[in-house]
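Everything below concerns the one structure shown next.
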Amino acid sequence: MEQKKIAILGATGSIGSQALDLVRRHPDRFSAVCLTANRSSEQLFSLVREFRPVAAGLACAPAEIPEDLRSCAWFFGPDCSVRALEAAGADAALCAITGIAGLDAVWTALDVCGQVLLANKEALVTGGDLVTEKARALNKPLLPVDSEHSAIFQCLQGAAGNPIRRLILTASGGALRDWPKERIDAARVEDVLRHPTWSMGRKITVDCATMVNKGLEVIEAHHLFGMPAEQIDVVVHPQSVIHSMVEFRDGAVLAQLGCPDMRGPIGYAMAYPGRLEYDARRLDFAKIASLQFMEPDLQRFPALGYAIEALRAGGAMPIVLNGANEAAVDAFLHGRIPFGRIAEIIRDALDRVPQRPIRCIADVYQADREARACADEIIRRF
Ligand code: NAD
Ligand code: MG
């Protein structure tokens, strides 16, 4: 089997590290030809030393590149991932940067790589139809890495042309799932970062606690699978054993199950259309004994409802939702606002930033700037 050359953008993060673990275990199948990160230079240096990529990038330039790493082509600054991708000659790009900061890289990956492996859901939430239309025009697959979307993608294999009634995204419910409303509003950073089933980066873990993550995933599913908001449902499933489901018109429901381990969906996208040999933890059904399901509670987690509303409104609204959320989550993580304000800031931005059609990437960034300015105004008052 030919070795696939993979670019890993966001190589020092939770997704990036797990992808590199798979590269390490399968040197015959994969090589990492491009690695980029934000500012964790020491960590990136040691990865470059180990994987010897063609190109590497750091968004925040370090004081110096170690002598033994100078044969690698280095790129610095906010566009480092774009330029490193252009230099690397990768077959596939794993886009695992967090936030709209990764949108340009997804855009470039569609131009220069055969496959785009998408973890960076915010790029699809904001880039929306522009990204999916570009992928379609270039006939490049956007392979989902998000576990729910990987599950749906796997359920849809072999289902070509069969009428689908709805997609059902499962949600763990996040760290505050069973908390009463007043307690949720005052949750501390350490409470919020204690996710019950998955270990992930900080931003997405906060998004799980507000359930914004599930809202972003509904928007992501809409773009990946061409389904309207009305045909995408969310069900809270605390065990995170069923990763998501597809219901067909004949009433049959297909589900994908597994232990919560992101190396499953990451490896599936990396090896697609094949599957990897991987010594994953196996499900022990007798031990699991029972699976629970419940409706999401929009009273306690209103931001999930705001995201679905933004998807229905279309235009600039998903970008506004995302931009306000990114600003609010950052402020919460820096102790500048209480947890309960995150949803309020999103609500305020959706009400105040003007709606408009999004025709090009410049329109995306304009709506994002306006949403952040609106959010910052509230954050500054604290
Ligand atoms: P993380 O914070 O652990 O890692 C983010 C990575 O991106 C880091 O390597 C960081 O250095 C890099 N980065 C940030 N800004 C950058 C920039 N401007 N240029 C280059 N690199 C930059 O985040 P994560 O949990 O790995 O999540 C990454 C993406 O994958 C997010 O969009 C998240 O929603 C999605 N995702 C993550 C998981 C998970 O299990 N962690 C699951 C599903 C989806
Ligand atoms: Mg997910």
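The values are calculated or read from the model by the stated rules, or taken from the named source; none is laboratory data. This structure is a prediction, so every number in the text was calculated from the model and none was measured. Ideal geometry is used to build each Cβ from the backbone, glycine not excepted, and the neighbour counts take in all protein chains shown. Only protein heavy atoms, including side chains, enter the accessible area calculation; ligands, DNA and RNA are left aside. Shrake-Rupley method; radii C 1.70, N 1.55, O 1.52, S 1.80 Å.
For segment 204-288, what's the relative contact order in percent, using C-alpha pairs closer than 8 Å and at least 6 residues apart? Mind dumping the intermediate values first?
Numbers: 53 pairs, mean separation 12.9, N = 85.
Here the relative contact order equals 15 percent.
Of the trypsin sites (Lys or Arg not before Pro) found in segment 185-278, those that fall in a DSSP loop while having at most 15 other beta-carbon atoms within 10 Å are Arg188, Arg194, Arg249, Arg275.
Of all alpha-carbon pairs in segment 15-83, indicate the percentage at a distance above 21 angstrom.
Working: 455 of 2346 pairs.
Result: 19 percent of Cα pairs exceed 21 Å.
Reducing segment 58-89 and segment 302-366 to their Cα centroids gives an inter-centroid distance of 32 Å.
Among the GluC sites (Glu not before Pro) within segment 71-134, not one is in coil by DSSP while having at most 11 neighbouring Cβ atoms inside 10 Å.
Over segment 289-354, the pair-distance histogram of Cα-Cα distances with 5 Å bins from zero comes to 3, 17, 25, 20, 15, 9, 5, 3, 1, 0 percent, rounded to whole numbers.
Segment 43-127: which trypsin sites (Lys or Arg not before Pro) are DSSP loop and have at most 15 other beta-carbon atoms within 10 angstrom? Could the numbers behind the result be given before it?
Details: sites: Arg49, Arg70, Arg83, Lys121; in loops: Arg70.
Sparse-neighbourhood loop trypsin sites (Lys or Arg not before Pro): Arg70.
Remark: relative contact order (segment 251-382) = 23 percent; criterion is Cα-Cα distance under 8 angstrom and separation of 6 or more residues.
Quantify, in whole percent, the carbon and sulfur part of the accessible surface of segment 198-251 (1.4 Å probe; protein heavy atoms only). Provide the component values of the computation, followed by the final result.
Details: 820 of 1600 Å².
Looking at segment 198-251 in its full context, I get 51 percent from C and S.
Using a Gaussian network model of the chain in which every pair of alpha carbons under 10 angstrom is joined by a spring, one finds that among Ser71, Ser150, Ser40 the greatest mean-square fluctuation is at Ser71.
In a simple Cβ point-charge model (Lys, Arg +1; Asp, Glu -1; nothing else charged), the chain has a dipole of about 200 debye relative to its Cα centre.
Distance between the C-alpha centres of segment 129-176 and segment 19-45: 25 Å, rounded to the whole angstrom. Please check: in the Gaussian network model of the chain (C-alpha springs, under 10 Å), which one of Ile164, Ile219, Ile232 has the largest mean-square fluctuation. Looking only at Ile164, Ile219, Ile232, the largest GNM fluctuation is found for Ile164.
Overall, the accessible surface of segment 310-382 at a probe of 1.4 angstrom is composed of carbon and sulfur to the extent of 49 percent.
Send over a whole-number figure in Å² for the accessible area per residue of the chain, probe 1.4 Å.
On the way: 16340 Å² over 382 residues.
Per residue, the chain has 43 Å² of solvent-accessible surface.
Cut-off under 26 Å on the C-alpha distance; same-chain residues fewer than 8 positions from Lys121 excluded. Which lysines are left, in chain and number order? Partners within reach: Lys4, Lys5, Lys134, Lys140, Lys203, Lys214. Residues whose amide H comes within less than 5 Å of that of Leu117, counting only those at least five positions distant or on another chain, are Ala93, Leu94, Cys95, Leu143 (H built at 1.01 Å from N in the peptide plane).
Hey, what did the chain get for relative contact order, percent, Cα under 8 Å, at least 6 apart?
Working: 721 pairs, mean separation 53.2, N = 382.
Value for the chain: 14 percent.
Once backbone amide H atoms are built at 1.01 Å from N, Lys5 has Ser31, Asp91, Ala92 as its partners under 5 Å, excluding neighbours fewer than 5 places away on the same chain.
Where both bridge residues fall in the chain, DSSP classifies roughly 25% of the beta bridges as antiparallel.
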